[in-house]
Amino acid sequence: MSVMRLPSGVYHETYVQDHAWWQTRFVWVRMLILFLLLFVGIPGLGNLYIVSVANIVGYTILSALGVQLLIGFAGQVTLGHAAFIAVGAYTSAIAMLQFNIPYPVSLILAALFAGVWSVLFGLPSARVKGFYLIMTTMAAQFITVDFVIAQYVSRIGGRGHYFSLPPGTISVGPWVIDSELSTYYLMLILVIGSILFMGNLLRTRIGRAWIAIRDNDIAAEVLGVNIVRYKLLAYFVAGVLAGLAGAFWITSLYFVSPEHFQWSWSLWLVGVILIGGVGSIYGVIYGAMFMTLVPEALKALLFLLTQSPELVALFPFIPQLLDKFLFVKEATFGLAIVLFLLYEPKGLAYRWWQIKNYIHLWPFSY
Amino acid sequence: MPELDDGVQLSVDNLHMSFGGVAALRGVSIQVRQGEIFSIIGPNGAGKTVLLNCISGLYRPQRGKILFEGKDITHLRPYQRARLGLSRSFQKIELFRGMTVLDNIRLGRHIHMRAGLLDGGIYLGGAAREEIQNRDFIEREIVDLLEIAHIRNKVVGMLPYGLQKRVELARALALQPKILLLDEPMAGLNLEEVEDMARFILDANEDKKWLVTGVLVEHDMGVVMDISHHVAVLNFGEKIAEGAPEEIQRDERVHEAYLGEKEELYVTRR
Ligand SMILES: Nc1ncnc2c1ncn2[C@@H]1O[C@H](COP(=O)(O)OP(=O)(O)OP(=O)(O)O)[C@@H](O)[C@H]1O
Ligand SMILES: [Mg+2]
């Protein structure tokens, strides 16, 4: 194959190289360090608190990937994504508890079932856009979680309102997942796998068709893209990812309950991609880290403040804030999202990209 | 000029299309033969764009039939017509402005690609190979032909208007269509760009690798008279004349339709 010239002055022998994700040795080394950090470094600290926070970040990434796919790449809306996460969690739990199906198989069932459930609620996207579609996705939340699951599914097997998951229920072959650390490794596998899967899809005809529908659906259709099919495919994949997220999350729960998948979680996930950056996989990662780490830091700060009697005497509301932390957390994020929309509408991913370019071009920046 | 095949490839039969009270097409029929460049001219608001939109499936005519290679396509969706071999560009550029030139053209390859969810997501074997093959096709056939190698990685929205027009032609050609519908490809271009564009259209029409039939809506009479085999004239939603370019230039009715714009039939219009 002939040598092809790139404007940046970098030469690639083949298109294979030009299409590769990690094109330079430098990037390969950086990714290797990242993987070592994730698989060896963080667990090596031996700090279970850090591992548990990492698990929440991972769960948030898994949950928000589908939201990013729908909103950020396919240009559809979703305000009820927690519904499909719930479907995944319950499918996996029921498969294991009722039918003694091994956890890995239940993961696949959860993904498929949540995918199909999501397509069901994506069907109206063939006909309606905007406001009515928003209403449909909200209906997905309330019909699925507050009606079907709370009223009917929760009764399956006469286990009462909660599906309790005794330690040792969940295992992959001989590997029992019953600790923060084992959950952490499972999380890494699922998160990395899902990100690779989605990133790959985005560089094939399927991902391009989604982005085309988002940007200009008339042009997309004239180019031969079956719009309805690809919209439903987007709902399916988003549902699959949500199902995985749900089936993963039960590994860190003692019981499954509708309370874990409330509407606030659906909204939270939209916040994750708004803050992280719409239309970027990095946006999901940055958003999930930001939305998890900042409240944890805030909580730690409040806790430190309550340790000082003088401060508490001065500001008697501080212990109350800690008591009502959920409220503090949500209020802070309402504010953060508004501020981001006003001052950083492209999200953290874009700002990071700018900083990287700045460093890259230094000292010739601007 | 090459010998024209006698076979009619696209046949539009008695199309009626109105928007509320406004009749945009009133019984228009045209027959486009395989291998020719068929131009549609007419004053502003004559219904040329509406006709193209009906052919590509964006509008549903209230009456009439559209046959492509003998098959009735009147009720097919636009994406189905694209798969049969119809491709087009737009009067008002409809590119994906946030994507690179290459990605825009890749979307033109959509109908020739197969990757599914699983192999696409894993990106091994078929899906990866297909990306390479199509990249190769784009580089060899499209990028070279349209001379856009220098901008292939540029974001389309940042390009000057003339190049955007060219990218739109590139994307339309990437489908390897049988018929290319072009809605005013010269509009807004400078003299040099018009010459380039005319050459590209002729290349696609005459080059043995392509042999694409062209349906061209255009105001630039110089170009129309130069490169068309056949010209139809629309006015107020009706076809008022049809024939070889020389016949159209002499036609009285055409001059009347262009009343006040008479001289423009002979000089290139900007
Ligand atoms: N979507 C629409 N809704 C209502 N009226 C329309 C629509 N599209 C076109 N028309 C009307 O149909 C008539 C023909 O329009 P068309 O765009 O086909 O003209 P044209 O021949 O392409 O003109 P131009 O040379 O200016 O592009 C015009 O009167 C126009 O206002
Ligand atoms: Mg027009």
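Tabulated results
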| quantity | calculated |
| --- | --- |
| Enumerated helices (runs of 4 or more DSSP H) restricted to region A:178-249, each holding at least 2 residues that are more than 9 Å from chain B (Cβ to nearest Cβ) and at pLDDT 95 or above | A:180-202, A:205-215, A:227-249 |
| Unmet requirement for B:Lys92, which otherwise passes all of (1) facing chain A (nearest Cβ under 8 Å); (2) within 16 Å of ligand 2 (Cβ to nearest atom) | (1) |
| Qualifying positions in region B:33-48 - more than 6 Å from ligand 1 (Cβ to nearest atom) and buried (at least 24 other Cβ atoms within 10 Å of the Cβ) | B:Ile37, B:Ser39, B:Ile40, B:Ile41 |
| Only listed residue being under 30 Å from B:Arg129 (Cα atoms), β-branched (Val, Ile, Thr), open to solvent by less than 50 Å² (accessible area, probe 1.4 Å) and touching a helix residue (DSSP H, G or I) at 6+ places or on another chain (Cβ under 6 Å), chosen from A:Ile177, A:Ile213, A:Ile149, A:Ile170 | A:Ile213 |
| Residue count for region A:185-196, restricted to those that are open to solvent by 20 Å² or more (accessible area, probe 1.4 Å) and closer than 30 Å to A:Leu232 by Cβ | 6 |
| Which listed residue, of A:Ala300, A:Ala288, A:Ala242, A:Ala238, is aliphatic (A, V, I, L, M) and touching a His at 6+ places or on another chain (Cβ under 7 Å) | A:Ala242 |
| Selection status of A:Ile273, open to solvent by less than 40 Å² (accessible area, probe 1.4 Å), part of a helix (DSSP H, G or I), in contact with a strand residue (DSSP E or B) (Cβ under 9 Å, 6 or more places away or on another chain) and away from chain B (no Cβ under 14 Å) | no |
| Unmet requirement for B:Leu181, which otherwise passes all of (1) more than 16 Å from ligand 2 (Cβ to nearest atom); (2) more than 9 Å from chain A (Cβ to nearest Cβ); (3) more than 14 Å from B:Leu95 (Cα to Cα) | (1) |
| Residues (open to solvent by less than 70 Å² (accessible area, probe 1.4 Å), more than 21 Å from A:Ala349 (Cα to Cα) and assigned to a helix (DSSP H, G or I)) located in region A:11-38 | A:Tyr15, A:Asp18, A:His19 |
| Test result for A:Ser182, surrounded by fewer than 16 Cβ atoms within 10 Å (Cβ to Cβ) and under 18 Å from A:Pro102 (Cα atoms) | no |
| When residues of region B:49-68 are limited to those that are open to solvent by 10 Å² or more (accessible area, probe 1.4 Å) and more than 14 Å from chain A (Cβ to nearest Cβ), the one farthest from ligand 1 (Cβ to nearest atom) | B:Leu67 |
| Neighbours by Cβ (under 8 Å, 6+ apart or cross-chain): first from region B:112-126, within 8 Å of another protein chain (Cβ to nearest Cβ) and free of Cβ contacts under 8 Å to residues at least 40 places away in the same chain; second assigned to a loop (DSSP other than H, G, I, E, B) and open to solvent by 60 Å² or more (accessible area, probe 1.4 Å) | none |
| Odd one out for A:Glu330 among (1) without any contact (Cβ under 8 Å) to a residue 60 or more places away in the chain; (2) surrounded by 13 or more Cβ atoms within 10 Å (Cβ to Cβ) | (1) |
| Residue list for region B:95-111, filter: outside any loop (DSSP other than H, G, I, E, B) and either open to solvent by 20 Å² or more (accessible area, probe 1.4 Å) or more than 7 Å from chain A (Cβ to nearest Cβ) (or both) | B:Thr100, B:Val101, B:Leu102, B:Asp103, B:Asn104, B:Ile105, B:Arg106, B:Ile111 |
| Residue that is nearest to ligand 1 (Cβ to nearest atom), among those in region B:19-28 that are open to solvent by 40 Å² or more (accessible area, probe 1.4 Å) and in a strand (DSSP E or B) | B:Phe19 |
| Residue count, region B:34-47 (criterion: more than 12 Å from ligand 2 (Cβ to nearest atom) and aliphatic (A, V, I, L, M)) | 1 |
| Residues located in region B:205-245, provided they are within 19 Å of B:Leu180 (Cβ to Cβ) and of a type in the set (Asp, Glu) | B:Glu206, B:Asp207, B:Glu218, B:Asp220, B:Asp226 |
| B:Tyr79 within 16 Å of ligand 1 (Cβ to nearest atom), open to solvent by 30 Å² or more (accessible area, probe 1.4 Å) and either more than 23 Å from A:Ile227 (Cα to Cα) or assigned by TED's automatic domain parsing to the domain that holds B:Gly7 (or both) | no |
| Filtered residue count, region B:124-137, keeping only those that are within 22 Å of A:Leu190 (Cβ to Cβ) and open to solvent by 30 Å² or more (accessible area, probe 1.4 Å) | 1 |
| Any hit, region A:296-317, residues being modelled with pLDDT of 90 or more, small (Gly, Ala, Ser) and not in a helix (DSSP H, G or I) | no |
| Residue match in region B:9-29 (condition: farther than 30 Å from B:Arg135 by Cβ, touching a Pro at 6+ places or on another chain (Cβ under 6 Å) and within 16 Å of ligand 2 (Cβ to nearest atom)) | yes |
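For every residue, the table says whether it meets (1) in a strand (DSSP E or B); (2) surrounded by fewer than 20 Cβ atoms within 10 Å (Cβ to Cβ); (3) within 16 Å of ligand 1 (Cβ to nearest atom).
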residue	(1), (2), (3)
B:Pro185	no, no, yes
B:Gly188	no, yes, yes
B:Glu195	no, yes, no
B:Lys208	no, yes, no
B:Leu211	no, yes, no
B:Met225	no, yes, no
B:Val231	yes, no, yes
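One line per residue, one yes/no per condition, for (1) buried (at least 24 other Cβ atoms within 10 Å of the Cβ); (2) without any contact (Cβ under 8 Å) to a residue 12 or more places away in the chain; (3) touching an Asp or Glu at 6+ places or on another chain (Cβ under 9 Å):
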| residue | (1), (2), (3) |
| --- | --- |
| A:Met198 | no, no, no |
| A:Ala220 | yes, yes, no |
| A:Val228 | no, no, no |
| A:Glu259 | no, yes, no |
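One line per residue, one yes/no per condition, for (1) under 24 Å from B:Ser18 (Cβ atoms); (2) more than 15 Å from the chain's Cα centre (by Cα); (3) more than 16 Å from ligand 2 (Cβ to nearest atom); (4) part of a helix (DSSP H, G or I):
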| position | (1), (2), (3), (4) |
| --- | --- |
| B:Thr49 | yes, no, no, yes |
| B:Leu52 | yes, no, no, yes |
| B:Leu58 | yes, no, no, no |
| B:Lys65 | yes, yes, yes, no |
| B:Leu76 | yes, yes, yes, no |
| B:Gln80 | no, yes, yes, yes |
| B:Ser87 | no, no, yes, no |
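The values are calculated or read from the model by the stated rules, or taken from the named source; none is laboratory data. As the structure is a prediction and not an experimental result, all values here were calculated from the model. Positions of Cβ are backbone-derived with ideal geometry, glycine not excepted, and every protein chain shown enters the neighbour counts. Surface areas here come from the heavy atoms of the whole protein model, side chains and all, with no ligands, DNA or RNA. Shrake-Rupley method; radii C 1.70, N 1.55, O 1.52, S 1.80 Å.
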